[in-house]
Amino acid sequence: ANIIEALEAGTKLLLVDEDTAATNFMIRDRRMQELIAKDKEPITPFIDKVKQLYTEYGVSTILVMGGSGDYFDVADTVIAMDNFQPQDVTEKAQLIAEKYFTERTAEGGKNFGTITPRVPLAHGIDPSRGRKAVKLKVRDVDEVGFGAENIDLSAVEQIVEVGQLRGISKALVYAKEHYIDERLTLSEILDLVMKDIEEKGLDVLTFFPEGDLVQFRPLELAAALNRLRTLSVL
């Protein structure tokens with residue numbers, strides 16, 4: 001879900017750490033494939049989609065891994081850390097892949113699949129509460145009160161400063177007031193909001209300069225919108 005969310009938001013690079021990714025998401029080896037047939041396993045391993053992601057959508061992946069050499073088969077570049085120094089070992093990894101065939105069956109199909117653009121609906125984005133047309137309350141870096149709803153961003157580790165969350169909450173209101181019109185897709189809305197910020201600064205999000213907003217990425221703005229429980233889309 002996080003990958004599809006990032007792709008819809010327009011990312012061109014995924015950073016994946018083996019230590020924080022589920023094992024069956026990363027790889028299913030030949031023995032596990034033999035024990036549990038594909039039709040019994042709903043998750044398609046990333047190893048069978050990562051190349052398609054690049055060839056079909058131009059999205060690269062930097063993967064930190066130390067537990068499976070099966071990725072040698074799909075890697076364009078392999079870098080090993082030797083005494084904290086990076087070493088290009090691509091040629092060696094390719095020779096190893098040729099020498100030790102994995103024998104696993106690819107499960108990704110012929111294509112990555114369609115990324116369906118969604119159109120947010122304005123009625124599902126309501127910052128009002130009581131008599132206040134806009135009621136926002138930022139709680140540290142992991143939660144924002146948006147109208148009558150609480151948006152839980154505790155799993156969005158890229159938000160590191162409370163000012164970013166203030167900016168994101170203001171940007172949600174700004175997006176609704178200016179661009180959410182039941183015609184524009186989420187990615188188009190993100191582009192327009194970020195373009196306005198780039199051209200006019202973060203003050204474009206508020207009626208007057210507030211001085212406590214911090215720059216954020218469109219990915220985190222999308223994450224906040226996607227975690228708004230009242231969000232409705234076409």
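Checking the condition in contact with a strand residue (DSSP E or B) (Cβ under 7 Å, 6 or more places away or on another chain) and modelled with pLDDT of 95 or more, which residue from LEU165, LEU184, LEU190 passes?
After applying the criteria, what remains is LEU165.
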**Those residues of segment 52-65 which are β-branched (Val, Ile, Thr), surrounded by 13 or more Cβ atoms within 10 Å (Cβ to Cβ) and over 20 Å from THR20 (Cα atoms), in sequence order** = VAL59
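Can you pull out every residue in segment 55-70 that is in contact (Cβ under 8 Å) with a residue 12 or more places away in the chain and within 25 Å of GLU8 (Cα to Cα)?
Matches in segment 55-70: GLU56, TYR57, GLY58, VAL59, SER60, THR61, ILE62, LEU63, VAL64.
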**Members of segment 164-182 that are among the small types (Gly, Ala, Ser) and in contact with a Phe, Trp or Tyr (Cβ under 7 Å, 6 or more places away or on another chain)** = GLY167, SER169
**Fill in**
Taking segment 90-116 and keeping only residues that are under 18 Å from ASP70 (Cβ atoms), among the basic types (Lys, Arg) and exposed (fewer than 12 other Cβ atoms within 10 Å of the Cβ), one is left with LYS99
**Message:** Test of understanding: among LYS12, LYS49, LYS38, which residue is surrounded by fewer than 16 Cβ atoms within 10 Å (Cβ to Cβ) and touching a residue at least 60 places away in the same chain (Cβ under 8 Å)?
**Reply:** LYS38
**Request:** Report, by residue number, each residue of segment 173-190 that is in contact (Cβ under 8 Å) with a residue 60 or more places away in the chain and surrounded by 16 or more Cβ atoms within 10 Å (Cβ to Cβ).
**Result:** ILE180, LEU184, THR185, LEU186, SER187, ILE189, LEU190
**Fill in**
Across segment 114-142, the tally of residues that are over 12 Å from THR230 (Cβ atoms) and touching a residue at least 12 places away in the same chain (Cβ under 8 Å) stands at 12
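May I ask you to list the residues in segment 1-51 that are hydrophobic (A, V, I, L, M, F, W, C) and in a helix (DSSP H, G or I)? Walk me through how you get there before you give the answer.
Filtering segment 1-51 down to residues hydrophobic (A, V, I, L, M, F, W, C) leaves 1, 3-4, 6-7, 9, 13-16, 21-22, 25-27, 32, 35-37, 43, 46-47, 50.
Residues satisfying the conditions are ILE3, ILE4, ALA6, LEU7, PHE25, MET26, MET32, LEU35, PHE46, ILE47, VAL50.
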**Request:** Could you tell me whether any residue of segment 72-88 is surrounded by 13 or more Cβ atoms within 10 Å (Cβ to Cβ) and either more than 28 Å from the chain's Cα centre (by Cα) or touching a residue at least 40 places away in the same chain (Cβ under 8 Å) (or both)?
**Result:** no
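The values are calculated or read from the model by the stated rules, or taken from the named source; none is laboratory data. It should be emphasised that the depicted structure is a prediction, and the values quoted were computed from it without experimental measurement. Glycine gets a Cβ as well: all are built from the backbone with ideal geometry, and neighbour counts include every protein chain shown.
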